[in-house]
1. Label segment 139-229 by shape, choosing from rounded, prolate and oblate, from the square roots a ≥ b ≥ c of the eigenvalues of the Cα gyration tensor; if a/c is under 1.5 it is rounded, and otherwise prolate applies when a/b is larger than b/c, oblate when it is not.
2. Please compute the length gained on full extension between ALA206 and GLN179, using 0.36 nm multiplied by the number of residues separating them and subtracting their Cα-Cα distance.
3. Starting from the Cα of ARG70, step 7 Å along the direction of its Cβ; do the same at LEU222; then give the gap between the two resulting points in nm.
4. According to the square roots a ≥ b ≥ c of the eigenvalues of the Cα gyration tensor, what is the shape class of segment 100-182, taking rounded for a/c under 1.5, prolate for a/b larger than b/c otherwise, and oblate for the remainder?
5. Would segment 1-81 count as rounded, prolate or oblate if I go by the C-alpha gyration tensor, calling it rounded below 1.5 in a/c and otherwise prolate when a/b exceeds b/c, oblate otherwise?
6. When all alpha-carbon pairs of the chain are counted, what percent fall beyond 31 Å?
7. In what order, largest first, do LYS184, LYS30 sit by accessible area if the probe radius is 1.4 Å?
8. So what is the relative contact order for the chain, in percent, with contacts set as C-alpha pairs under 8 Å and at least six apart?
Amino acid sequence: MRIASWNWGGRPHAGTVSADGRECTPLAVKDPDRGALELVRRLADGAPLPPPAGPRLPVDAVTLRAPLPRPRRNLFCVGRNYRAHAEELAGTVFRDAVAQHEGWPIVFTKVPETVIGPHDTVRLPGRAVSEQIDYECELAVVIGRAGRDIPRSRALEHVLGYTVCNDVSARDVQVRHQQWHLGKSFDTFCPMGPWIVTADELDGQATRIRGWVTPAGGHAELRQDGRTQAMIFDIPCLVETISRGITLQPGDIIATGTPSGVGMGFTPPRWLRHGDVVRVEIDGIGAIENRFEEH
């Protein structure tokens, strides 16, 4: 099943998307401003979905929002979770952090205000704030069942499904503050979507992530191409680790890390500029595509 959030007729809606991704059906959710959160909770509880609230519409006729446009709290994010990505950063200012990355996943957060829709514009903060904006194409896990101290053997029972995200990062701000929270948390720095695909239809541990960058006035360049089988810490490990002493709630989001090919990994680095477009595609889910602009 695919569940999504969108705007149509001047109002927010949430509902289901057909298997071919061409049609959407609005459902009678109580608070469509929260996107698909009510649907996440119902599916996790095994409850029936609400009845339709209107006719089916072509997806092309609506404006897709992030499936969870107002996350209830910060996103959980994982760093250096693909060995090739860790290796490409070994010659950068992050080399010490790479060397220390053994045994436990690196987990940081992004604030909810980072989340935008799958085709929304990412706002560059201006060069006085950061000159080193980078992309990170990632699979995001959406938690369904609540739980704390979840063992890895039961972890996937708490995963409702998966979506696509771009963990946009200000690298110089990361370095400046040593911890990553500020450099990851600028407004609009987490495009997400186009919908959530439930775990009964997609094995998040066996899919492919690709990312293209189209420089302003140029042609699309495939920059990232990796498989989730290459994660250092797999999804059950991440759910187990993050839930230690912390209750995961329905609608919580875990961004699972990025494959190699980020802008910082090139010599010289290839930072995003005004007018660049980044496309992230994950097999079995779909794609998001966002333009980066200075405001």
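1. Working: a/c = 2.35, a/b = 1.38, b/c = 1.70.
The shape class here is oblate.
2. Working: separation 27, 0.36 × 27 = 9.72 nm, distance 3.09 nm.
Contour length minus Cα-Cα distance gives 6.6 nm.
3. Going from the ARG70 label point to the LEU222 one covers 4.1 nm.
4. Values: a/c = 2.82, a/b = 1.57, b/c = 1.79.
The shape class here is oblate.
5. Values: a/c = 1.66, a/b = 1.41, b/c = 1.18.
It comes out prolate by the Cα gyration axes.
6. In whole percent, the share of Cα-Cα pairs in the chain beyond 31 Å is 24.
7. Values: LYS184 5, LYS30 180 Å².
The most accessible residue leads, giving LYS30, LYS184.
8. Working: 777 pairs, mean separation 70.0, N = 295.
With pairs under 8 Å counted, the relative contact order is 24 percent.
The values are calculated or read from the model by the stated rules, or taken from the named source; none is laboratory data. Since we're looking at a predicted model, the values are computed, not measured. In this analysis, Cβ positions are derived from the backbone assuming ideal geometry, glycine residues included, and neighbour counts consider all displayed protein chains. Please note that ligands, DNA and RNA were not included when accessible areas were found on the heavy atoms of the full protein model with its side chains. Shrake-Rupley method; radii C 1.70, N 1.55, O 1.52, S 1.80 Å.
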